[in-house]
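*Asks:* Got a structure for you, questions after.
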Amino acid sequence: MKHLELEGKKRITGRKADVKSVRREDRVPCVIYGAGVENTSFSVDEKQLKNLTHTPYSHIVDLDIEGSKCLAVLKDIQYHPVSDRAMHVDFLAIDPAKPVTIDVPIKITGNSIGVRQGGKLNVPTRKLKVSGLIDNLPDELPIDITDLGLGKQINAGDLKFDGFQIVSPKGTLVCAVRATRNSAAAATTETAE
């Protein structure tokens, strides 16, 4: 899995004025907790943070908070309702020796039989939760749909990978090929012949 470095500066907590002054400097207030790390309030540069939040990929974050380094994952982020600027970020510190649960984007590969027959590919899920050691986590989950026919679907429970496991609910619909008018018309002309 890809790593991303972020540099943080410790910040004072408690007053709204302190948080507002951090945001005026184009920095985002953050907190880190978990994995034996003391809860720490800090801020990161808003432009640096966009490398983490404005991408479809998930990252392991190498945080450097004034010389104190640790590994973390993005746990939660709050956005401003109008401007969509990041208002606050929670990071979860992780231990490289223990499994990590993180969202990983899926990548559809292949040309489905059902789509070639006139069906429409529906991909309602863009990411799945996976759990595994940091070294085993993939950047994306490749899903081959070549053999996916009309009316067929792939659920999270149908997928198997080595080195990590999918922890999203087994019934989560990953992709499906739905029948369309064209595919129904083609099927009726084939049966009529």
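The values are calculated or read from the model by the stated rules, or taken from the named source; none is laboratory data. Since we're looking at a predicted model, the values are computed, not measured. Don't worry about glycine lacking a Cβ; one is built from the backbone with ideal geometry, like all the others, and counts go over all protein chains shown.
*Asks:* If you take the residues in the stretch 112-124 that are β-branched (Val, Ile, Thr) and surrounded by fewer than 17 Cβ atoms within 10 Å (Cβ to Cβ), which one is farthest from Pro56 (Cα to Cα)? Before the answer, list the steps.
*Replies:* Step one: of the stretch 112-124, the residues β-branched (Val, Ile, Thr) are 113, 115, 123.
Add one more test, that the residue is surrounded by fewer than 17 Cβ atoms within 10 Å (Cβ to Cβ), and what stays is 113, 123.
Working: Ile113: 27, Val123: 15 Å.
This residue is Ile113.
*Asks:* If you go through the stretch 32-42, how many residues are part of a strand (DSSP E or B), surrounded by fewer than 18 Cβ atoms within 10 Å (Cβ to Cβ) and not aromatic (Phe, Trp, Tyr)?
*Replies:* Taking the stretch 32-42 as the starting set, the residues that turn out to be part of a strand (DSSP E or B) are 32-34, 37-42.
Filter once more, keeping what is surrounded by fewer than 18 Cβ atoms within 10 Å (Cβ to Cβ): 33-34, 38-39.
Right, trim to not aromatic (Phe, Trp, Tyr) and you get 34, 38-39.
Number of matching residues: 3.
*Asks:* Shifting gears a bit: Condition first: of a type in the set (Val, Ile, Thr) and either assigned to a helix (DSSP H, G or I) or over 13 Å from His3 (Cα atoms) (or both). Now tell me which residues in the stretch 56-66 satisfy that. Step through it out loud before you land on a result.
*Replies:* Going residue by residue through the stretch 56-66, those that are of a type in the set (Val, Ile, Thr) are 60-61, 65.
Residue satisfying the conditions is Ile65 alone.
*Asks:* With the checklist (1) surrounded by 12 or more Cβ atoms within 10 Å (Cβ to Cβ); (2) in a strand (DSSP E or B) in hand, flag the one item Val19 doesn't pass.
*Replies:* Val19 satisfies all of (1) surrounded by 12 or more Cβ atoms within 10 Å (Cβ to Cβ); (2) in a strand (DSSP E or B) except (2).
*Asks:* Can I ask one more? Residues that are in a loop (DSSP other than H, G, I, E, B) and within 13 Å of the chain's Cα centre (by Cα): does the stretch 46-55 have at least one? Before the answer, list the steps.
*Replies:* Going residue by residue through the stretch 46-55, those that are in a loop (DSSP other than H, G, I, E, B) are 54-55.
So of that shortlist, the ones also within 13 Å of the chain's Cα centre (by Cα) come out as 54-55.
Within the stretch 46-55, one or more residues are in a loop (DSSP other than H, G, I, E, B) and within 13 Å of the chain's Cα centre (by Cα).
*Asks:* Please count how many residues of the stretch 96-105 are surrounded by 15 or more Cβ atoms within 10 Å (Cβ to Cβ) and over 17 Å from the mean Cα position of the chain (by Cα).
*Replies:* Residues in the stretch 96-105 being surrounded by 15 or more Cβ atoms within 10 Å (Cβ to Cβ) and over 17 Å from the mean Cα position of the chain (by Cα): 0 in total.
*Asks:* Sticking with this structure for a sec: Of the conditions (1) in a strand (DSSP E or B); (2) loosely packed, with under 14 Cβ neighbours inside 10 Å; (3) assigned by TED's automatic domain parsing to the domain that holds Asp139, Lys69 satisfies every one except a single condition; which number is it?
*Replies:* (3)
*Asks:* Separate question: Within the stretch 139-153, is even one residue more than 20 Å from Leu173 (Cβ to Cβ), of a type in the set (A, V, I, L, M, F, W, C) and surrounded by 12 or more Cβ atoms within 10 Å (Cβ to Cβ)?
*Replies:* The initial filter retains those residues of the stretch 139-153 that are more than 20 Å from Leu173 (Cβ to Cβ), namely 139.
Remaining after also requiring of a type in the set (A, V, I, L, M, F, W, C): none.
Among the residues of the stretch 139-153, not one is more than 20 Å from Leu173 (Cβ to Cβ), of a type in the set (A, V, I, L, M, F, W, C) and surrounded by 12 or more Cβ atoms within 10 Å (Cβ to Cβ), which makes the answer no.
*Asks:* Let me ask something else. Report whether or not Thr109 is surrounded by fewer than 15 Cβ atoms within 10 Å (Cβ to Cβ), within 17 Å of the chain's Cα centre (by Cα) and under 24 Å from Pro138 (Cβ atoms).
*Replies:* On the way: surrounded by fewer than 15 Cβ atoms within 10 Å (Cβ to Cβ): yes; within 17 Å of the chain's Cα centre (by Cα): no; under 24 Å from Pro138 (Cβ atoms): yes.
It is false that Thr109 is surrounded by fewer than 15 Cβ atoms within 10 Å (Cβ to Cβ), within 17 Å of the chain's Cα centre (by Cα) and under 24 Å from Pro138 (Cβ atoms).
*Asks:* In the stretch 83-140, which strands (runs of 3 or more DSSP E) lie fully inside it and hold 1 or more residues that are among the basic types (Lys, Arg)? Walk me through it before giving the result.
*Replies:* Details: elements: 86-93, 100-109, 120-122, 127-132.
Result: 100-109, 120-122, 127-132.
*Asks:* Scan (1) out of contact with any helix residue (DSSP H, G or I) (no Cβ under 8 Å at 6 or more places or on another chain); (2) without any contact (Cβ under 8 Å) to a residue 60 or more places away in the chain; (3) within 27 Å of Phe161 (Cβ to Cβ) for the single condition Ile65 breaks and write down its number.
*Replies:* Unmet for Ile65, out of (1) out of contact with any helix residue (DSSP H, G or I) (no Cβ under 8 Å at 6 or more places or on another chain); (2) without any contact (Cβ under 8 Å) to a residue 60 or more places away in the chain; (3) within 27 Å of Phe161 (Cβ to Cβ): (3).
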